[in-house]
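Enquirer: Got a structure for you, questions after.
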Amino acid sequence: QAREAGCKIIHVPIAFTEKYKEIDEKFIGKKEDSRYGVLDEIADHEAFQESGGSADFIDSMKPVDGDLICAKKGLCAFFGTDLGDLLEKNGIDTIILAGFLTNCCIESTMRTAYEKGYKVITLFDCCCAASIDAHESSFKHSFEMFSIRTTSNLVEFSS
């Protein structure tokens, strides 16, 4: 529906180099073995690697002609990317968020977009987390503070 209405679709995949140097750089100057949290889990499970296929788009989510791609090396779509420039160049002031992980990447991006002054809409039925409880808790407790919570069938798309 969004494409049909002429909206710009921006994909923000997370992808790391084979050795996860981007993650290790976040912990430089810290004690050895100081990695923790979701980034440590990503590296330990060798997930989201640029090479090898674990960061590839699944067929139903592959970008099409006219879509933009803004790869990230962390959790927030704004941090260390050119997303802000892409939004500005395309005259975008409203962001509709969908994706994975609701309580991590989506929430980080939502908060940053809100603080940058964008109108932020999050789609309950187009986001997911590692558990239903985590997904529902984020929408119930955090998302109302930083976005308009809705579902995809209630959004009217226009460019």
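The values are calculated or read from the model by the stated rules, or taken from the named source; none is laboratory data. Keep in mind that this is a model prediction, so the values were computed, not measured. Cβ sites come from the backbone with ideal geometry, for glycine too, and all protein chains shown count toward neighbours. What goes into the accessible areas is simple: the full protein's heavy atoms, side chains included, and nothing from ligands, DNA or RNA. Shrake-Rupley method; radii C 1.70, N 1.55, O 1.52, S 1.80 Å.
Enquirer: Please state which one of Cys76, Cys7 is modelled with pLDDT of 85 or more and in contact with a helix residue (DSSP H, G or I) (Cβ under 6 Å, 6 or more places away or on another chain).
Expert: On the way: Cys7 fails: in contact with a helix residue (DSSP H, G or I) (Cβ under 6 Å, 6 or more places away or on another chain).
Only one candidate qualifies: Cys76.
Enquirer: Please state which of the following conditions Gly91 fails to meet, knowing it meets all the rest: (1) open to solvent by 70 Å² or more (accessible area, probe 1.4 Å); (2) outside any strand (DSSP E or B).
Expert: (1)
Enquirer: Oh, and also: For the range 14-29, enumerate the residues that are at pLDDT 85 or above and open to solvent by 60 Å² or more (accessible area, probe 1.4 Å).
Expert: Selection gives nothing.
Enquirer: Which of the residues that make up the range 30-77 are open to solvent by 60 Å² or more (accessible area, probe 1.4 Å), in a loop (DSSP other than H, G, I, E, B) and within 23 Å of Glu115 (Cα to Cα)?
Expert: Correct list: Ala71, Lys73.
Enquirer: Somewhere in the range 110-117, is a residue assigned to a strand (DSSP E or B), at pLDDT 95 or above and basic (Lys, Arg)?
Expert: No: the range 110-117 contains no residue that is assigned to a strand (DSSP E or B), at pLDDT 95 or above and basic (Lys, Arg).
Enquirer: Which members of the range 127-146 meet the condition of being closer than 22 Å to Met61 by Cβ, open to solvent by 50 Å² or more (accessible area, probe 1.4 Å) and of a type outside the set (Gly, Ala, Ser)?
Expert: Cys128, Ile132
Enquirer: Continuing with this model, one more query. Based on what the data block shows, is Cys104 of a type outside the set (Val, Ile, Thr), surrounded by fewer than 21 Cβ atoms within 10 Å (Cβ to Cβ) and in a helix (DSSP H, G or I)?
Expert: Details: of a type outside the set (Val, Ile, Thr): yes; surrounded by fewer than 21 Cβ atoms within 10 Å (Cβ to Cβ): yes; in a helix (DSSP H, G or I): yes.
For Cys104, the condition - of a type outside the set (Val, Ile, Thr), surrounded by fewer than 21 Cβ atoms within 10 Å (Cβ to Cβ) and in a helix (DSSP H, G or I) - is met.
Enquirer: May I ask you to list the residues in the range 130-159 that are modelled with pLDDT of 90 or more and of a type in the set (Val, Ile, Thr)?
Expert: Of everything in the range 130-159, those that are modelled with pLDDT of 90 or more and of a type in the set (Val, Ile, Thr) turn out to be Ile132, Ile148, Thr150, Thr151.
Enquirer: Among Ala98, Ala71, which is hydrophobic (A, V, I, L, M, F, W, C) and out of contact with any Leu (no Cβ under 6 Å at 6 or more places or on another chain)?
Expert: Details: Ala98 fails: out of contact with any Leu (no Cβ under 6 Å at 6 or more places or on another chain).
When all the criteria are applied, what remains is Ala71.
Enquirer: Answer with yes or no whether Thr81 is touching a strand residue (DSSP E or B) at 6+ places or on another chain (Cβ under 6 Å), in a loop (DSSP other than H, G, I, E, B) and within 28 Å of Ile23 (Cβ to Cβ).
Expert: Details: touching a strand residue (DSSP E or B) at 6+ places or on another chain (Cβ under 6 Å): yes; in a loop (DSSP other than H, G, I, E, B): yes; within 28 Å of Ile23 (Cβ to Cβ): yes.
It is true that Thr81 is touching a strand residue (DSSP E or B) at 6+ places or on another chain (Cβ under 6 Å), in a loop (DSSP other than H, G, I, E, B) and within 28 Å of Ile23 (Cβ to Cβ).
Enquirer: Among the numbered criteria (1) open to solvent by 50 Å² or more (accessible area, probe 1.4 Å); (2) within 26 Å of Ile132 (Cα to Cα); (3) small (Gly, Ala, Ser), which one does Gly80 miss?
Expert: (2)
Enquirer: Condition first: small (Gly, Ala, Ser) and within 16 Å of the chain's Cα centre (by Cα). Can you find one or more residues in the range 115-122 that meet it? Write out each step before concluding.
Expert: Residues of the range 115-122 that are small (Gly, Ala, Ser), as a first pass: 117.
Narrowing further to those that are within 16 Å of the chain's Cα centre (by Cα): none.
Taking every residue of the range 115-122 in turn, none turns out to be small (Gly, Ala, Ser) and within 16 Å of the chain's Cα centre (by Cα).
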